[in-house]
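Here is the structure we will look at.
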Amino acid sequence: MAAEDSIRVVCRFRPLNDSEEKAGSKFIVKFPSGGDENCISIGGKVYLFDKVFKPNASQEKVYNEAAKSIVSDVLCGYNGTIFAYGQTSSGKTHTMEGVIGDQSKQGIIPRIVNDIFNHIYGMEENLEFHIKVSYFEIYMDKIRDLLDVSKVNLSVHEDKNRVPFVKGATERFVSSPDEVFEVIEEGKSNRHIAVTNMNEHSSRSHSVFLINVKQENLENEKKLSGKLYLVDLAGSEKVSKTGAEGTVLDEAKNINKSLSALGNVISALADGNKTHIPYRDSKLTRILQESLGGNARTTIIICCSPASFNESETKSTLDFGRRAKTIKNVVQVNEELTAEEWKRRYEKEKDKVGRLKGKLEKLELELSRWRGGETVNLEEQVNLQEPVEASTPVAPVQEVPKVEGLPQPATPGGGIMVGSLSNEERQKLEEERERLYQQLDEKDEEINQQSQYVEKLKEQMLEQEELIASTRRDYELLQQEMNRITQENESAKEEVKEVLQALEELAVNYDQKSQEADTKSKENENLAEELMNKQSALNSTSSELQQLKDMSSHQRKRITEMLTNLLKDLSEIGLAIGGEGEIKVPADSNGKLEEEFTVARLYISKMKSEVKNLVQRCQGLESYQTDSNKKISEYEKDLAECRLLVSQHEARMKSLQESMRETENKKRTLEEELDALREECAKMKAAEQMHAASSREKAEEKEKANTMRVALEQQMDQLRDVHQKQVAQLRDEISEKQALMNQVKDENQKYTLAHQQLQQDYEKLKQEEMEKSQKLQELMLTVERREQARKDLKGLEDTVAKELQTLHNLRKLFVQDLQARIKKSVSAEDDEDGGSIAQKQKISFLENNLDQLTKVHKQLVRDNADLRCELPKLEKRLRATMERVKALETALKEAKEGAMRDRKRYQYEVDRIKEAVRQKNLARRGPSAQIAKPIRAGQHHVGFAQGMKIPPTPIITGSANRTLGDDEMRKRKVIS
Ligand code: ADP
Ligand code: MG
């Protein structure tokens, strides 16, 4: 059933595109009219192909005339290949894929997919189909699975029939066109994810879509299989070694490698004499091994641009096509034979071998006869032309292993080189090659595994990089924190500076204050002296006060004595008056009356003298009082005594007032007596009148009595007037005394107030004094400290002075030494005068040096002193700074610790998240059973495109990912 079949080459020109038109490119291709549309001419050169499509050819037309037939071939058990060749943007992808889902713009792949399923649905009922698809791309001679991004470098192996296949490529079982399109979509999106510039990438990589159709006739168990490769090649233009953007030289080489290998393979195949076809030069040619010169129906679609700009590329493309057209394939149905069939064929072969053996024996016999010198006549000779078999049996599909590169009996050009090598040698060589190829495959596999490992590592790398990025971010944050802290530190330093300045100011202030304190202490001393003086004055005044007290007590005694005397006198007067008052005027005798009057007069004169005495005494008292007043004014501070005195005075005043009252009472009694006397007088008058009425005789007496009475009345009136005058005088005196008393009282109050004030002042002064003494003590303390510091300084100065002294001594010694040396030299040179002048000059120079040195030394000493002055300030400043720095350091430490803690926490968090992610991934990838769901042809699949006919019967088995070589469904475990 094997048949020779040339590769079909069709050519498609796309229309001029916008940029070509803008650039003014011309349409340089001519399509000769009429005929089979299989010829074009460019620049006078004519090319013949199986078909030529003009720019206006529709996608449908291209499909129908270039690809449709392949569908039925594949379904009949043949292998098929369609690949598009041409420069970038010549329309390869447009032709192969087009716009999937768009009825008019979709390309060959979607049309084929739809057609395959339509065919299946229209086929016999007892056929079961298993359709699986793979999708991968070849870039830089690495096969990358587009359905599993982790497979980045798949290897090519050979199956038991020596047919190369991509080992480990993901296979998806599909049961409807939509599932296929989903797979294509998935593959395309994966392709997009992996690359940055899709246009560049697609022009440099080959994409391969593989449809594998297996069918089984459930009735006679006949099994057929067909593989269909649909390949969108990389741009055929040369990738210039320097011009390829973003690629280094190796890359550029690799990009070109597979296409040039393809060209080489095609050239080798076209040149019928070549015995070795370099399929193994690239993965692409390896995969297409069956398609080029092997068991496959192959169609190459040459895509070209018609623009003058692309002329050379177009021509080389067309040349490629022309060369490929000469290649012959040997196609046969891929059939898996049943045991019976195999048996039948075995029997046949056995017969054939037997017959050949017989023939060989005959020939050997003939040969021995010939060798024996016999001539075998023509009839006896074995007929070599006679065929061994009557009919050539169909070679079982993959029975005879086909060694690539080695011509097989069926292939053209076979048997040419047999002569040169012996069979044994050939065998050896073949075995050697076989071994080598196996090794190669093993290495390939190793590479594949390594690359997968590399991919995993890359993923890990990415994770790590992310981690690093995040840690870097953290680090930056920490850095910022640090910066902040350092800034704070700076500001703190500035603060410290300010504080130091303030301290300096304070120190200056302190100096001023201490000076002030000195002055104050001096003042204080003065004040203390004054205070002492005051104290002594106070003591003297207090002693005076004591004296005054004594004096005043003495005075008081005297006053009391005088008062008692006065009171005695007054009581005597009172007794005397009371005693006289008892005398009653006899109403009958005039003589008695006169006597009584004289007595009264006497009494009155006595009273007058008494009163005069009293007045005198009063005057004396007054003088006394004025004296005491004076004394009070004099002894202002002795106020308590004065108060006592005043109270005594008051008491005396009271007693005086009482006595006054008594005298008044007495005066009243006197007046009453006078009134009584007057009544008596009136009575006597009435008696006189009675007398006159009774007797005229008595008239004379009456007249006498009247004259007497008149004289008496006159006397009485006079007495009364005098008396009244005296009383008024007494009253005036008393009021005066009262006023005086008031005055004294007021003054007394004043004095008490003044005394209190003085007391308060005294207290205040005492307090002030206390405060001052405290201050004094403080100042003393500071002074002591200063003294201490001064002593320390003195010690320092002493040491410095000592050092200076030693230095001075040293200098002296040095000078002496120098002089001695000079003398020596002089004495030595006395004999020879020549060098003395030079020596003198030297000495003067040295002296100058010494002077300068001493100056410098002095300067240094001064500087030292200055610095010593500066020292305490600086020390203070240093201490403050040290403290500040310590505080800042602790703050910094704390901040660092915090940062460390944050970091640890963050690390822990990251670990946790990582762990969680890993767990999740494990859970997602975990073991899952995927079971194929066999679908009978004709039973409409749920996902099947609507509007399609439901044909009867064949079966399509649909399932998810499977890997080549797995015939059974099995659980797929992913080890993460
Ligand atoms: P390639 O895959 O060879 O690099 P593309 O298939 O991407 O080129 O084609 C480049 C551009 O030219 C695309 O925009 C495509 O639509 C357009 N194009 C290609 N062939 C045709 C054609 N026969 N008719 C119309 N437009 C075409
Ligand atoms: Mg493309």
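Within the group 694, 735, which residue is surrounded by fewer than 11 Cβ atoms within 10 Å (Cβ to Cβ) and either of a type in the set (Asp, Glu) or closer than 30 Å to residue 660 by Cβ (or both)? Before you say what the answer is, go through the steps one by one.
Details: 694 fails: either of a type in the set (Asp, Glu) or closer than 30 Å to residue 660 by Cβ (or both).
735 is the lone residue from the list that is surrounded by fewer than 11 Cβ atoms within 10 Å (Cβ to Cβ) and either of a type in the set (Asp, Glu) or closer than 30 Å to residue 660 by Cβ (or both).
Residue 729: part of a helix (DSSP H, G or I) and either exposed (fewer than 12 other Cβ atoms within 10 Å of the Cβ) or charged (D, E, K, R) (or both), yes or no? Break it down into steps so the answer makes sense when it comes.
Details: part of a helix (DSSP H, G or I): yes; either exposed (fewer than 12 other Cβ atoms within 10 Å of the Cβ) or charged (D, E, K, R) (or both): no.
It is false that residue 729 is part of a helix (DSSP H, G or I) and either exposed (fewer than 12 other Cβ atoms within 10 Å of the Cβ) or charged (D, E, K, R) (or both).
Taking the conditions exactly as written (closer than 30 Å to residue 117 by Cα and more than 16 Å from ligand 2 (Cβ to nearest atom)), does residue 34 satisfy them or not? Even if it seems obvious, please write down each step before you answer.
Details: closer than 30 Å to residue 117 by Cα: no; more than 16 Å from ligand 2 (Cβ to nearest atom): yes.
No.
Given (1) part of a loop (DSSP other than H, G, I, E, B); (2) farther than 17 Å from residue 310 by Cβ, identify the lone condition not met by residue 55.
Here residue 55 meets the rest and fails (2).
So, of the residues in region 88-130 that are of a type in the set (D, E, K, R) and within 16 Å of ligand 1 (Cβ to nearest atom), which turns out to be nearest to residue 302 (Cα to Cα)?
Filtering region 88-130 down to residues of a type in the set (D, E, K, R) leaves 92, 97, 102, 105, 111, 115, 124-125, 128.
Remaining after also requiring within 16 Å of ligand 1 (Cβ to nearest atom): 92, 97, 102, 105, 111.
Values: 92: 8, 97: 15, 102: 23, 105: 19, 111: 19 Å.
Top of the filtered list is 92.
What about residue 842, is it over 22 Å from residue 509 (Cβ atoms), surrounded by 11 or more Cβ atoms within 10 Å (Cβ to Cβ) and at pLDDT below 85?
Criteria met by residue 842.
Give just the number: which of (1) buried (at least 19 other Cβ atoms within 10 Å of the Cβ); (2) touching a Pro at 6+ places or on another chain (Cβ under 7 Å); (3) over 24 Å from residue 202 (Cβ atoms) does residue 28 not satisfy?
(1)
State all residues of region 187-223 that are crowded, with 21+ Cβ neighbours inside 10 Å and within 13 Å of ligand 1 (Cβ to nearest atom); if no residue qualifies, say none.
Matches in region 187-223: 202, 204, 205, 206, 207.
Determine whether region 509-520 contains at least one residue that is under 46 Å from the mean Cα position of the chain (by Cα), at pLDDT below 95 and surrounded by 10 or more Cβ atoms within 10 Å (Cβ to Cβ).
Residues of region 509-520 under 46 Å from the mean Cα position of the chain (by Cα): 509.
Add one more test, that the residue is at pLDDT below 95, and what stays is 509.
Still in the running and surrounded by 10 or more Cβ atoms within 10 Å (Cβ to Cβ): 509.
Yes.
Within 11 Å of ligand 1 (Cβ to nearest atom), within 60 Å of the chain's Cα centre (by Cα) and not hydroxyl-bearing (Ser, Thr, Tyr): does that describe residue 84? Break it down stepwise before answering.
Details: within 11 Å of ligand 1 (Cβ to nearest atom): yes; within 60 Å of the chain's Cα centre (by Cα): yes; not hydroxyl-bearing (Ser, Thr, Tyr): yes.
The answer is yes for residue 84.
Of all residues in region 55-95, how many are within 16 Å of ligand 2 (Cβ to nearest atom) and basic (Lys, Arg)? Give the steps one after another, and end with the answer.
As a first pass, look at region 55-95 and keep what is within 16 Å of ligand 2 (Cβ to nearest atom): 59, 62, 82-95.
So of that shortlist, the ones also basic (Lys, Arg) come out as 92.
Summing the residues that are within 16 Å of ligand 2 (Cβ to nearest atom) and basic (Lys, Arg) in region 55-95 gives 1.
Can you tell me which condition residue 796 does not meet? The list is (1) farther than 30 Å from residue 497 by Cβ; (2) aliphatic (A, V, I, L, M); (3) touching a residue at least 60 places away in the same chain (Cβ under 8 Å), and all the others hold.
Only one criterion in (1) farther than 30 Å from residue 497 by Cβ; (2) aliphatic (A, V, I, L, M); (3) touching a residue at least 60 places away in the same chain (Cβ under 8 Å) is unmet by residue 796, namely (1).
Scan region 96-128 for residues that are away from ligand 2 (no atom under 16 Å from the Cβ) and either under 12 Å from residue 63 (Cα atoms) or within 60 Å of the chain's Cα centre (by Cα) (or both) and report the count. Explain how you work it out, then say what you get.
Taking region 96-128 as the starting set, the residues that turn out to be away from ligand 2 (no atom under 16 Å from the Cβ) are 101-104, 111-128.
If we keep only those that are either under 12 Å from residue 63 (Cα atoms) or within 60 Å of the chain's Cα centre (by Cα) (or both) as well, we get 101-104, 111-115.
So the count comes out to 9.
Please name all residue pairs, on different chains or six or more residues apart, with Cβ atoms under 6 Å, provided the first residue is in region 753-779 and is in contact (Cβ under 8 Å) with a residue 24 or more places away in the chain and farther than 20 Å from residue 523 by Cα and the second residue is assigned to a helix (DSSP H, G or I) and of a type outside the set (Val, Ile, Thr).
Note: pairs meeting the criteria are 755/639.
Find all pairs meeting these conditions: Cβ atoms under 8 angstrom apart; at least six residues apart or on different chains; first residue within region 74-92 and farther than 18 Å from residue 115 by Cα and assigned to a helix (DSSP H, G or I); second residue within 10 Å of ligand 2 (Cβ to nearest atom) and not small (Gly, Ala, Ser).
92/232; 92/233; 92/303
From the list 225, 189, pick out the single residue that is away from ligand 2 (no atom under 16 Å from the Cβ), modelled with pLDDT of 85 or more and farther than 18 Å from residue 81 by Cβ. Can you show your working first?
Working: 225 fails: farther than 18 Å from residue 81 by Cβ.
Answer to the selection: 189.
If you scan region 108-127, which residues turn out to be surrounded by fewer than 21 Cβ atoms within 10 Å (Cβ to Cβ), in contact with a strand residue (DSSP E or B) (Cβ under 8 Å, 6 or more places away or on another chain) and under 13 Å from residue 75 (Cβ atoms)?
123, 124
Given the options 60, 21, 4, name the one that is surrounded by fewer than 18 Cβ atoms within 10 Å (Cβ to Cβ), outside any loop (DSSP other than H, G, I, E, B) and under 60 Å from the mean Cα position of the chain (by Cα). Step through it out loud before you land on a result.
Working: 60 fails: under 60 Å from the mean Cα position of the chain (by Cα); 4 fails: under 60 Å from the mean Cα position of the chain (by Cα).
Answer to the check: 21.
Just to be sure, is residue 452 loosely packed, with under 15 Cβ neighbours inside 10 Å and either modelled with pLDDT of 95 or more or not small (Gly, Ala, Ser) (or both)?
Values: loosely packed, with under 15 Cβ neighbours inside 10 Å: no; either modelled with pLDDT of 95 or more or not small (Gly, Ala, Ser) (or both): yes.
Judged against the criteria, residue 452 is not a match.
Search region 34-81 for residues being aromatic (Phe, Trp, Tyr) and touching a helix residue (DSSP H, G or I) at 6+ places or on another chain (Cβ under 7 Å), and hand back the single one that is nearest to ligand 1 (Cβ to nearest atom).
53
Restrict the check to region 146-157 and report whether at least one residue is away from ligand 2 (no atom under 16 Å from the Cβ), buried (at least 19 other Cβ atoms within 10 Å of the Cβ) and of a type in the set (S, T, N, Q).
Among the residues of region 146-157, at least one is away from ligand 2 (no atom under 16 Å from the Cβ), buried (at least 19 other Cβ atoms within 10 Å of the Cβ) and of a type in the set (S, T, N, Q), which makes the answer yes.
The values are calculated or read from the model by the stated rules, or taken from the named source; none is laboratory data. Because the structure is a prediction, the values reported are computed rather than measured. In this analysis, Cβ positions are derived from the backbone assuming ideal geometry, glycine residues included, and neighbour counts consider all displayed protein chains.
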